[in-house]
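The values are calculated or read from the model by the stated rules, or taken from the named source; none is laboratory data. Just so it is clear, the model here is predicted, and its values are computed rather than measured. No Cβ is skipped: glycine too gets one built from the backbone with ideal geometry, and neighbour counts run over all protein chains shown. These accessible areas exclude ligands, DNA and RNA; they are computed on the full protein's heavy atoms, side chains included. Shrake-Rupley method; radii C 1.70, N 1.55, O 1.52, S 1.80 Å.
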Amino acid sequence: MKLVLLPGMDGTGILFDPLLANIQSVEVVVLPLPNEGEQDYKSLAEYILKRLPDEDFILVAESFSGGIAAFLSQLPVPHLKGIIFVASFLSAPKKLLAHFASLLPIRQLAHLPLSGIVYRLLFLGKDAGNKEIELFRRAIDAVPARAVKLRLKVIGQAKYNGFKSVVPAVYICAANDMLVNPQKRLEFVQAYSDITFAQLEGPHFILQAKPKEAATAIIEAVCLLTGKVTKA
């Protein structure tokens, strides 16, 4: 069973490096998001759909990409056996924050002296080291400012339209998520008839802050979705 990873708002897949180092026994495919063209969920889902494996797989959707996975779960996607959402949302988590961020020069701000404090507060947690901060900056630098702003706009305008899906799902929550309100999980309960929740102690970017624990949680989710025992 393959794992197909969809990255968060940066869209690069660079931030998956710490997680991938902790997943050894499952074949993993990372599908970066396109930097050109429209960045709405419908357009991105159509882009990803063309690149999905021709064999059974489970989709892992981090944060922003939860909207892509949600769109795909409403389509007859061949070989899709389940979705693992990580710190994700179906409607705008915090509209004002997303709108404010969309107006800022994100790439320039990433290199300001106090940017590390902001990253620790909102994204990576207080225990994040310089290595994690630099990885975050590298991911931001790899994305055109236009793409970042368009994705932030999509986040701010995201709405749950009441869709229902029978695709089995697992939602991995970050207990100390400063960006996604815990009440947003209720929309996943409405949307997915077969969904299980798990929780890890840590910030919004839980895959980066706690890669070993996150890898274990993902493999446990795979076991739940497939009924097979697999070890990280």
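So the values come out like this:
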read-out	value
Where VAL222, VAL166 fall by accessible area, highest first, once all protein chains stay in place (1.4 Å)	VAL166, VAL222
DSSP-assigned coil residues among trypsin sites (Lys or Arg not before Pro) in the stretch 30-91, each with at most 15 further Cβ atoms within 10 Å	LYS50, ARG51
Residue-wise HN-Hα coupling along the stretch 140-149, computed from phi with Karplus coefficients 6.51, -1.76, 1.60 (Hz; x: Gly, Pro)	5, 5, 7, 10, x, 4, 4, 5, 4, 5
Residue-normalised accessible area of the stretch 182-232, expressed per residue, 1.4 Å probe, Å²	53
Spin-label pair VAL29/LYS159, simplified geometry with 7 Å Cα→Cβ offset, distance in nm	3.4
Heavy-atom accessible area ranking, 1.4 Å probe, most first, across LEU135, LEU6	LEU135, LEU6
Percent carbon-and-sulfur accessible area, the stretch 150-231, ignoring ligands, DNA and RNA, probe 1.4 Å	55
Gap separating the Cα centres of the stretch 48-91 and the stretch 161-216, nearest whole Å	13
Qualifying trypsin sites (Lys or Arg not before Pro) for the stretch 134-177 [loop in DSSP, other Cβ within 10 Å: at most 15]	LYS159, LYS164
